[in-house]
Protein chains: 2
Amino acid sequence: MNGEVLDLPKEVHLCDMRGMLSFTILWLLSKRSMYGQELATEIGKRRGGKPNPGTIYPALKDLASHGLIEARVEGRNSVYRLTKEGAMSLTKSKEYFERAFGDILLESGPKSMAK
Amino acid sequence: MNGEVLDLPKEVHLCDMRGMLSFTILWLLSKRSMYGQELATEIGKRRGGKPNPGTIYPALKDLASHGLIEARVEGRNSVYRLTKEGAMSLTKSKEYFERAFGDILLESGPKSMAK
DNA sequence: ATAGATATATCGGACGCCCAACATTTTTAT
DNA sequence: ATAAAAATGTTGGGCGTCCGATATATCTAT
């Protein structure tokens, strides 16, 4: 089902190079709860293009089915929040991400990354 | 089997989160020329597991077919080097990568990323 | 109340990445 | 000379991401 990769626990299923969208969603939700279109807009700022519904909603559904996020319906919105499991998964994913790409980003210079 | 890559001109599918392997290969080759198994080993250090032949060789073939890298056969090795086009593609990819993920890595703290 | 905007959701097809397994060629060791 | 090791390469299947198209439900104008 998931591609099993790397040396990470099997339940942390976002740690190959294909899981960047899910990783980004978890990270954004660790900042604040959002509904689907808010997430799409935030991702759009980073990527340079807002992902289509066919991209974002299946990803949310998948994360929810794995218990990493939870939805709470509010009118026409489904507001997602990070679960405790999602937070743990994010921590491990960040460690992997940092090891894999940290020096690549660092060489660009933290000054160019400064807010 | 292995179609388009991360060329990343704006009209094409800029902002794709699927091109991380090719991106990593280009970045490694910008440091020094390497042959396939050297690349696989370097990627393994970052990811935590050495990619299989079925992962690395098709990726190299695809990058070469797009003119982003070039092979020079040396005995039993095929040594790859970055082309001028590959260098330009890498520059654009790095800009995208930094915008998409810079702040995520920054919050972990550059000290934890220091060599 | 009707129309428009907003948000959610699914489908089909494509692509990039991933592995395990198998196969071939070249170098090195015995 | 023969075997082992190293490097390259292919095949087959699966999965996550991506888009465009389509559909439905809910708020917000008018």
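The values are calculated or read from the model by the stated rules, or taken from the named source; none is laboratory data. What you see is a predicted model, and the numbers here were worked out from it, not measured in a lab. With ideal geometry, Cβ positions are generated from the backbone for all residues, glycine too; neighbour counts draw on all protein chains shown. For the accessible areas, the whole protein counts, side chains as well, though only heavy atoms, and no ligand, DNA or RNA atoms are used. Shrake-Rupley method; radii C 1.70, N 1.55, O 1.52, S 1.80 Å.
Just a few scattered comments:
- Around A:Val79: net Lys/Arg minus Asp/Glu count, Cβ-Cβ under 12 Å: +1
- Using a simple spin-label model with pseudo-atoms 7 Å out from Cα toward Cβ, A:Arg32 and B:Tyr57 lie 5.2 nm apart.
- Summed over both chains, the contact between B and A buries some 3200 Å² of accessible surface at a probe radius of 1.4 Å.
- Label 7 Å beyond Cα on the Cβ vector: B:Ser65 copy-to-copy distances, nm: 3.1
- Sites A:Arg76 and B:Lys45, calculated FRET efficiency, Cβ-Cβ separation with R0 45 Å, nearest 0.05: 0.45
- Note on the stretch B:20-113: Cα Rg divided by 2.2 N^0.38 Å, N the number of residues, gives 1.15.
- Placing unit charges on each Cβ (+1 for Lys and Arg, -1 for Asp and Glu) gives the stretch A:20-108 a dipole about its Cα centre, and among A:Ile56, A:Val79, A:Leu105 the Cα reaching farthest toward its positive end belongs to A:Val79.
- With all protein chains modelled, accessible area of A:Ser108 [1.4 Å, Å²]: 30 Å²
- Projecting 7 Å from Cα along the Cα-to-Cβ direction, the label point of B:Glu38 sits 4.9 nm from its equivalents in the other copies, listed shortest first.
- For the set A:Asp103, B:Asp16, the ranking by accessible area, highest first and with no ligand, DNA or RNA atoms included, is A:Asp103, B:Asp16 under a 1.4 Å probe.
- Local charge for B:Leu29 was computed over the other residues whose Cβ lies under 12 Å away, with Lys and Arg +1 and Asp and Glu -1, and equals 0.
- Inter-copy label distances at A:Pro53 (7 Å, Cα→Cβ; nm, one decimal): 4.7
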